[in-house]
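After the structure tokens below, expect a handful of questions from me.
The values are calculated or read from the model by the stated rules, or taken from the named source; none is laboratory data. All values reported here derive from a predicted model rather than from experimental measurement. We place every Cβ from the backbone using ideal geometry, glycine too, and count neighbours over all the protein chains shown.
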Amino acid sequence: SASETVPNQTPPPQQDLRSLSFQQALPHISRLMEDPRVVEDLVKMKQEQVRLEKQLWEEREVISKSHEEKVKVAMNKTKLIGASLSKHDAELMSDAFRMELRKFDAERVLPTWDRLVRDQQMRLEALRIPTMFITNDAGDTEKQRLVMQVVEGILPTSGAT
């Protein structure tokens, strides 16, 4: 019957791709990059990352332009009364701008980036890219960074730069 197991026909155990060294990962990467579906998924992920980076940069630029406009308005007001913007007022505006950027980074950029990294780690592990899994460990993430440099170097160049 078809449900019987044939001796010596069990599949080899899946190698733990998480714990491979960088050097051990290279042949696996090379094989994976021959699969057009893997390459297509990787290109899509890179394009999504680039779009997110641009979006976050544009949101940050809105904050910068808003600050520039506030400075311009304050300078025009003081000029109208024949004065100049005091050093104290300029420092207050500058401090407020820096605080707004720090708040944006802490509340928008960092959580968004952390979600992206976790999502990419999960998706890359599903694609069986060696060393990839959800982690915050510095040693693991450094190895992942090196592996991704190799992967990105092999990817076809597209409009994702």
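Among the residues of the range 134-149, what is the count of those that are crowded, with 17+ Cβ neighbours inside 10 Å and not polar (S, T, N, Q)?
4
Could you tell me whether any residue of the range 139-155 is of a type in the set (A, V, I, L, M) and at pLDDT below 95?
yes
I'd like to check which helices (runs of 4 or more DSSP H) are fully inside the range 61-161 and have at least 1 residues that are touching a residue at least 24 places away in the same chain (Cβ under 8 Å) and closer than 30 Å to ARG18 by Cα.
Helices (runs of 4 or more DSSP H) meeting the threshold: 110-126, 138-154.
Taking the stated definitions as given, is PHE104 under 30 Å from MET148 (Cα atoms) and not basic (Lys, Arg)?
Answer is yes for this residue.
Only residues that are surrounded by 14 or more Cβ atoms within 10 Å (Cβ to Cβ) and either among the aromatic types (Phe, Trp, Tyr) or farther than 17 Å from GLU68 by Cα (or both): list them for the range 86-104, please.
Selection gives PHE97, PHE104.
Would you check which residues across the range 17-30 are surrounded by 11 or more Cβ atoms within 10 Å (Cβ to Cβ) and not in a helix (DSSP H, G or I) and list them?
Of everything in the range 17-30, just one residue is surrounded by 11 or more Cβ atoms within 10 Å (Cβ to Cβ) and not in a helix (DSSP H, G or I), namely LEU20.
Please determine, by comparing only the residues of the range 19-47 that are among the charged types (D, E, K, R) and touching a helix residue (DSSP H, G or I) at 6+ places or on another chain (Cβ under 8 Å), which one is farthest from LEU92 (Cα to Cα).
ASP41
I would also like to ask the following. Can you pull out the residues in the range 31-47 that are assigned to a helix (DSSP H, G or I) and in contact (Cβ under 8 Å) with a residue 12 or more places away in the chain?
Correct list: LEU32, VAL38, VAL39, ASP41, LEU42, VAL43, MET45, LYS46, GLN47.
Are any residues in the range 51-84 closer than 30 Å to GLN144 by Cα, of a type in the set (A, V, I, L, M, F, W, C) and surrounded by 14 or more Cβ atoms within 10 Å (Cβ to Cβ), and if so, which ones?
Hits for the range 51-84 are LEU52, LEU56.
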